[in-house]
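A quick write-up on the structure given underneath.
No lab work stands behind these numbers, since they all come straight from the coordinates. Note that this is a predicted model, so its numbers are computed, not measured. Glycine gets a Cβ as well: all are built from the backbone with ideal geometry, and neighbour counts include every protein chain shown.
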Amino acid sequence: MNRRILLNAKQIEVISQRLCCQLMELHGNFKNTAIIGLQPRGVFFARRIHRIIAEMTRNTQVKYGDLDTTFYRDDFRRGNEIHEPKLLNIDFNIEDLNIILVDDVLYTGRSVRAALDALNDFGRPAKVELMTLIDRRFNRELPIQPDYVGFEVDTRSNEKVKVEWNDEEGNKIWILENNSLT
């Protein structure tokens, strides 16, 4: 399997800052807005966005939650793979809030569809927006598009985008190519 680096830690930090500036421009003090990270991998990026927003706005009360979509996935009962639920952490009422769903990589759109279904169990938000660090543009299976995009990448079917969150060794985003698929 070949791999090449797509983004390094410095580039990820610059992208995160830019996205937070866009959010602040549109959502002001975040009084009516909450950030929700999608389990399992979107929470790392969402927590980073939440931390930067809290620092930039000097608002320690920005609402944040983690959303588990395990039981809402359309592949939940398919195949032999066992899906294990993750920690769910939404301790506020989402009714009439602006929700920013955050995920690391947008690929087929199926995870986001599951997240929208799961979110409905918590109430009816005023608006739902999607932020993704990486958008794999040409692989969508559902008509779902992000409102905020860190980086767009065109990949082939034999490639995978892998986000490594490691603050000690540096965060990286890789494109992995499986040569056996070519």
Proximal lysines to K10, defined as alpha-carbon separation beneath 16 angstrom and excluding residues fewer than eight positions away on the same chain: K172
Charge sum, other residues only, whose C-beta stays under 13 Å from N8's C-beta, Lys/Arg counted +1 and Asp/Glu -1: 0
Segment D147-I5, length gained on full extension (0.36 nm per residue, minus Cα span): 48.6 nm
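How much net charge surrounds Q145 when only other residues with a Cβ under 10 Å from its Cβ are counted (Lys, Arg +1; Asp, Glu -1)? List each step's numbers first, then the result.
On the way: positive: R137, R140; negative: D135, D147.
With Lys, Arg at +1 and Asp, Glu at -1, the net is 0.
Given the -39500 (n - 2.57) contribution per DSSP H run of 4+ residues, what per-residue ellipticity at 222 nm results for the chain, rounded to the nearest 500 deg cm²/dmol? Walk me through the numbers before you get to the answer.
Working: 3 runs with 46 residues, N = 182.
It lands at -8500 deg cm²/dmol.
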Proximal lysines to K127, defined as alpha-carbon separation beneath 17 angstrom and excluding residues fewer than eight positions away on the same chain: K31, K63
Spin-label pair T70/R124, simplified geometry with 7 Å Cα→Cβ offset, distance in nm: 3.0
Neighbour net charge for R124 - beta-carbon separation under 14 angstrom, K R +1, D E -1: -3
Rg and Dmax of the chain, Cα atoms only, in Å: 16.4, 50
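Counting other Cβ atoms within 10 Å of each Cβ, which trypsin sites (Lys or Arg not before Pro) in the range 1-40 have at most 16 and sit in a DSSP loop? Please list the in-between numbers first.
Details: sites: R3, R4, K10, R18, K31; in loops: K31.
Answer by residue number: K31.
Which percent, nearest 5, of DSSP beta bridges in the chain are antiparallel?
Working: 12 of 35 bridges.
The antiparallel proportion sits near 35 percent.
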Sorted by Cβ neighbour density within 10 Å, fewest at the top, the residues D91, D68, D96: D91, D96, D68
Paramagnetic label zone (point 7 Å from Cα along Cα-to-C-beta, L176; backbone N under 19 Å) in the range 92-119: 104-109, 111
In the range 102-178, the GluC sites (Glu not before Pro) that fall in loop regions by DSSP, at most 12 other Cβ within 10 Å: E141, E168, E169
